[in-house]
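Next up is a structure, given as structure tokens.
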Amino acid sequence: MQDSNQFRRGVSRRRLTFLMVCLLGLTSACGYQVVGSAPAGADRPQATIAIPPFENRSMEVGLETIFANDLLRAFGDGGSVRAKPGDEGADYLLLGTIKKLEHSSTAYLDIDRSLVRRVTVTVEIILKDFRQNKVIWKSTEMIKADYVAENYYSIGEANRTQGIRQASARLAQRVYDKINVLL
């Protein structure tokens, strides 16, 4: 009986020692790395892109800042390009023009009542190189987002605004992805 207890304690001590060695091995980092293992472009300075408020040719007030702010947020989450508000002091300039904003019904409860509405935003995007003063990329993007139609005015407006914000976030992600490939 005494031998089995000693055996169990010995096994428990070995397990504990093994776990401690593993833990120490995982937590001690020496900081050395293989030559050439640094991420691509780590030695070059990070490019900056200026994003001023968009030009708004639609009848919807406030879109210019919603779309520019979503782009600033998209670039602010990390990546190869750092964004800043305004239109100066950067390597690149991203200009946007909201050409058109439309709302349409996509699903109906009956002949005169919509259940689901769709916002369609057409935006022209231009990426310029400040140093060479030339256009690098130009695109016209059409973004769509659906939202629930509501009889109550305040809820309907909130849903409509949410649809616009969803379209703006989609555009920001699309532009971010394209620019990260270009730069």
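The values are calculated or read from the model by the stated rules, or taken from the named source; none is laboratory data. The structure presented is a predicted model; accordingly, all values stated were derived computationally and were not measured. Note that each Cβ is placed from the backbone with ideal geometry, even for glycine, and that neighbours are counted across all protein chains shown. For the accessible areas, the whole protein counts, side chains as well, though only heavy atoms, and no ligand, DNA or RNA atoms are used. Shrake-Rupley method; radii C 1.70, N 1.55, O 1.52, S 1.80 Å.
Here's the yes/no breakdown for (1) among the basic types (Lys, Arg); (2) in contact with a Pro (Cβ under 9 Å, 6 or more places away or on another chain):
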residue: Val81; (1), (2): no, no
residue: Gly96; (1), (2): no, yes
residue: Ser104; (1), (2): no, no
residue: Leu109; (1), (2): no, no
residue: Arg117; (1), (2): yes, no
residue: Val121; (1), (2): no, no
residue: Phe130; (1), (2): no, no
residue: Val135; (1), (2): no, no
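Moving on to the next point. Among the listed residues Lys144, Lys138, which satisfies the condition of being touching a Ser or Thr at 6+ places or on another chain (Cβ under 6 Å) and either assigned to a strand (DSSP E or B) or closer than 28 Å to Asp87 by Cβ (or both)?
Details: Lys138 fails: touching a Ser or Thr at 6+ places or on another chain (Cβ under 6 Å).
Selected residue: Lys144, the only one of Lys144, Lys138 that is touching a Ser or Thr at 6+ places or on another chain (Cβ under 6 Å) and either assigned to a strand (DSSP E or B) or closer than 28 Å to Asp87 by Cβ (or both).
Here's a follow-up. Those residues that are open to solvent by 90 Å² or more (accessible area, probe 1.4 Å) and touching a Phe, Trp or Tyr at 6+ places or on another chain (Cβ under 8 Å), I need them from segment 158-171; list them, please.
Gln162
This table checks each residue for (1) at pLDDT below 95; (2) over 21 Å from Pro53 (Cβ atoms).
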| site | (1), (2) |
| --- | --- |
| Glu102 | no, yes |
| Ala107 | yes, yes |
| Arg118 | no, yes |
| Glu124 | no, no |
| Phe130 | yes, no |
| Thr140 | no, no |
| Glu150 | yes, yes |
| Ile155 | yes, yes |
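The rows are residues; the columns are (1) under 18 Å from the mean Cα position of the chain (by Cα); (2) in contact (Cβ under 8 Å) with a residue 40 or more places away in the chain; (3) open to solvent by 30 Å² or more (accessible area, probe 1.4 Å).
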position	(1), (2), (3)
Val81	yes, yes, no
Gly96	yes, yes, no
Leu101	no, yes, yes
Val119	no, yes, no
Glu124	no, no, yes
Asp129	no, no, no
Lys144	yes, no, yes
Gly156	no, no, no
Gln173	yes, yes, yes
